[in-house]
Amino acid sequence: MTVSEFEPWNDPEAKPLIHFQNVTKRFGDFTAIDDLTIDIYEKEFYALLGPSGCGKTTLMRMLAGFETPTEGTIQLAGQDIVGVPPNKRATNMMFQSYALFPHLSIWENIAFGLRREGMAKDKINDRVEEMLRLTRMEKFARRKPHQVSGGQRQRVALARSLAKAPKLLLLDEPLGALDKKLRQDTQFELMDIQEKTGTTFVIVTHDQEEAMTVASRVAVMDHGQIKQVATPAHIYEAPNSVYVADFIGEVNIIDGTASPNGEDTYAVKWCDNHAPLNAASPLPFSEGQKCHLAIRPEKVSISADKPEGAANMVQGKVHDIAYLGNISTYYVELPTGAIIKAQTANTRRIARRSFTWEDTVWLSWTATAGVLLAE
């Protein structure tokens, strides 16, 4: 199965594994989750993404059974699970701290939950060996958790969580304790394991790159509400609000007013002494409606000479330069004082910059490069 073929959310016949219906969670006067309705499908790798305090962990704790909704229902495989205690749910939760038993070997850590369930001894042996193979920890089975690295402990916690074959695995910031390189490697391992087991994964993270790498769909949250749920590519290329555009990756936002000037095309008036910008949008805007044009820096070209025939061009001065190895980001100040970021790939080994500080440059982009947003 290729990723592109897996889109149950687009199938009207598909029944979700998890269904939140008008769920609200209050702690005293504080509303952590605000009238939320979402569907999560079987075999999905679903990411809850948002800043601290947006409600993503509360949402996950309600799924696990550690919190009860103030209002609304939560269904798992068609069954209302609101009153079901955590240990009776077909879910398992993996915590950021891994919560391994330090006095038990890795083998014993993985077997622990199976023994408590009263599984037969030979079946426990088979299941633990299978989990060790899946997470590539066979060689370390007799070691204690402190005798292996952070990344290996993370894999042990994953093996233990998957040993009971839950329908749903909840991962709360699972890679937060790992360094950047190891985190990236582990993200691909997680995806591989998720695909091999077919378990539905729901991950809570505030790391956009992590969500964009692992997830089949990303739910961007803010103040207890979901602002947009879509595939990573759709969230990046077609955000539905300035909040989502700004939260995922880098973006330029130009505020203005829209005037229709063709089929699905608009002139955006953004500054009194400058020509309007041209933007395409499937969303309707009325004459003079306030709008925000969101353009990713990699879609903005930078040149010394005025580009001929470009749909949009503005002139400014190089205010700052960020060299990030593979790319350089130029912060260009427009006459209005606004800063527009343009990114170029550093294809040569020794980056000879074409532009330096205070240089006058032209920025240009196509009419379809930006996304026109109403809010």
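The values are calculated or read from the model by the stated rules, or taken from the named source; none is laboratory data. All values reported here derive from a predicted model rather than from experimental measurement. Quick reminder, even Gly has a Cβ in these numbers, built from the backbone with ideal geometry, and neighbours come from all protein chains shown.
Can you pull out the residues in segment 37-51 that are under 17 Å from D192 (Cβ atoms) and either acidic (D, E) or surrounded by fewer than 19 Cβ atoms within 10 Å (Cβ to Cβ) (or both)?
Once the filter is applied, which keeps residues that are under 17 Å from D192 (Cβ atoms) and either acidic (D, E) or surrounded by fewer than 19 Cβ atoms within 10 Å (Cβ to Cβ) (or both), segment 37-51 yields K43, E44.
Within segment 171-194, restricting attention to residues that are modelled with pLDDT of 85 or more and over 15 Å from the mean Cα position of the chain (by Cα), which residue is surrounded by the fewest Cβ atoms within 10 Å (Cβ to Cβ)?
In this case the residue turns out to be D192.
Can you list the strands (runs of 3 or more DSSP E) found entirely within segment 268-336 that contain at least 2 residues being of a type outside the set (S, T, N, Q), touching a residue at least 12 places away in the same chain (Cβ under 8 Å) and within 22 Å of S354 (Cα to Cα)?
Numbers: elements: 277-280, 289-295, 301-303, 312-323, 327-333.
Per the criteria, 312-323, 327-333.
Is there any pair with a first residue in segment 348-371 that is in the same structural domain as G325 (by TED's automatic domain parsing) and of a type in the set (A, V, I, L, M, F, W, C) and a second that is surrounded by fewer than 15 Cβ atoms within 10 Å (Cβ to Cβ) and modelled with pLDDT under 90 whose Cβ atoms are under 7 Å apart and which are 6 or more apart or on different chains, and what are they?
That search, which allows pairs on different chains as well, returns A351/Y323.
Checking the structure you have, find out if any residue of segment 88-111 is modelled with pLDDT of 90 or more, under 24 Å from Q147 (Cβ atoms) and charged (D, E, K, R).
Yes, segment 88-111 contains at least one residue that is modelled with pLDDT of 90 or more, under 24 Å from Q147 (Cβ atoms) and charged (D, E, K, R).
Would you point out the residue of segment 249-267, among those that are closer than 26 Å to S354 by Cβ and touching a residue at least 60 places away in the same chain (Cβ under 8 Å), that is surrounded by the fewest Cβ atoms within 10 Å (Cβ to Cβ)?
Going through the qualifying residues, I end up with E250.
Where the second residue is aromatic (F, W, Y) and the first is in contact (Cβ under 8 Å) with a residue 40 or more places away in the chain and lies in segment 107-118, which pairs have Cβ atoms under 7 Å and are six or more apart or on separate chains?
What qualifies is N109/F101; F112/F101.
Taking D246 as meeting all but one of (1) under 22 Å from T344 (Cα atoms); (2) surrounded by 16 or more Cβ atoms within 10 Å (Cβ to Cβ), write down the number of the exception.
Only one criterion is unmet by D246, namely (2).
Of all residues being buried (at least 19 other Cβ atoms within 10 Å of the Cβ) and over 14 Å from the mean Cα position of the chain (by Cα) in segment 195-212, which is nearest to R136 (Cα to Cα)? Just the residue, please.
Per the criteria, the residue is T199.
Look at E129 and say whether it is assigned by TED's automatic domain parsing to the domain that holds T199, surrounded by 13 or more Cβ atoms within 10 Å (Cβ to Cβ), closer than 25 Å to D185 by Cα and charged (D, E, K, R).
Working: assigned by TED's automatic domain parsing to the domain that holds T199: yes; surrounded by 13 or more Cβ atoms within 10 Å (Cβ to Cβ): yes; closer than 25 Å to D185 by Cα: yes; charged (D, E, K, R): yes.
Criteria met by E129.
Which residue is nearest to P166 (Cα to Cα), if the candidates are limited to segment 76-88 and must be in a loop (DSSP other than H, G, I, E, B) and in contact (Cβ under 8 Å) with a residue 60 or more places away in the chain? Break it down stepwise before answering.
If we filter segment 76-88 for residues that are in a loop (DSSP other than H, G, I, E, B), which is where we start, we get 77-78, 81-85.
Of the ones still in play, those that are also in contact (Cβ under 8 Å) with a residue 60 or more places away in the chain are 77-78.
Values: A77: 12, G78: 16 Å.
Per the stated criteria, the residue is A77.
Out of A219, A211, A141, A157, which single residue is in contact with a Leu (Cβ under 8 Å, 6 or more places away or on another chain), modelled with pLDDT of 95 or more and small (G, A, S)? Steps first, answer last, please.
Details: A211 fails: modelled with pLDDT of 95 or more; A141 fails: modelled with pLDDT of 95 or more; A157 fails: modelled with pLDDT of 95 or more.
Selected residue: A219, the only one of A219, A211, A141, A157 that is in contact with a Leu (Cβ under 8 Å, 6 or more places away or on another chain), modelled with pLDDT of 95 or more and small (G, A, S).
Within segment 119-151, can you find the residues that are aliphatic (A, V, I, L, M) and either in a helix (DSSP H, G or I) or without any contact (Cβ under 8 Å) to a residue 40 or more places away in the chain (or both)?
Within segment 119-151, M119, A120, I124, V128, M131, L132, L134, M137, A141 qualify.
Taking the conditions exactly as written (modelled with pLDDT of 95 or more and under 25 Å from I33 (Cα atoms)), does A230 satisfy them or not?
Working: modelled with pLDDT of 95 or more: yes; under 25 Å from I33 (Cα atoms): yes.
Yes; evaluated as a whole, the condition is true for this residue.
Which residues, counting only those in segment 162-188, are touching a residue at least 40 places away in the same chain (Cβ under 8 Å) and either in a strand (DSSP E or B) or more than 19 Å from L17 (Cα to Cα) (or both)?
A163, L168, L169, L170, L171, D172, E173, P174, G176, A177
Collect the residues in segment 246-267 that are touching a Pro at 6+ places or on another chain (Cβ under 7 Å), of a type outside the set (S, T, N, Q) and assigned to a strand (DSSP E or B), keeping them in residue-number order.
Y266, A267
Pull up segment 25-52, narrow it to residues that are over 19 Å from Q79 (Cα atoms) and polar (S, T, N, Q), then point me to the one that is modelled with the lowest pLDDT.
Going through the qualifying residues, I end up with S52.
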